[in-house]
Amino acid sequence: MENQDLLHVTPEVQEKIDKLVNENDHFAALFEEYLNTKHEVALIKSDQVVTTDEHLKELKVKVLHLKDEIYSILRR
């Protein structure tokens, strides 16, 4: 599950994500930041937004850290 995109998970995991987004402010903020950062990376990769390679790398690392924290919460 670690390499999976959080937007393409099993229905059981999606239910848990939905529940946490609605009941846990910290998780909701993390998930929103994850989605926003993933969207920013997608815009850069599609050449809709121009940035440096270093900034793109930083965003990708940020996505991984957010994803790790989200998965940590989901495992509880």
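The values are calculated or read from the model by the stated rules, or taken from the named source; none is laboratory data. What you see is a predicted model, and the numbers here were worked out from it, not measured in a lab. Ideal geometry is used to build each Cβ from the backbone, glycine not excepted, and the neighbour counts take in all protein chains shown. Just the protein is used for accessible areas: all its heavy atoms, side chains included, with ligands, DNA and RNA removed. Shrake-Rupley method; radii C 1.70, N 1.55, O 1.52, S 1.80 Å.
Descriptive notes on the structure:
- Ordering L30, V50, L64 by the projection of their Cα atoms onto the charge dipole of the chain, which places +1 on the Cβ of Lys and Arg and -1 on the Cβ of Asp and Glu, puts L64 at the extreme positive end.
- Once the 1.4 Å probe is applied to the protein heavy atoms, the chain comes out at 71 Å² accessible per residue.
- Rounded percent of accessible protein surface that carbon and sulfur make up, the chain, 1.4 Å probe: 51
- About the Cα centre, charge dipole magnitude for the chain (Lys/Arg +1, Asp/Glu -1 at Cβ), debye: 160
- Folded to 0 to 90 degrees: helix 11-23 orientation relative to the chain principal axis, Cα: 90
- Restricted to Cα atoms, the chain shows a radius of gyration and a Dmax of 13.3, 39 angstrom.
- Axis of helix 25-45 versus longest Cα principal axis of the chain: the two differ by about 30°, to the nearest ten degrees.
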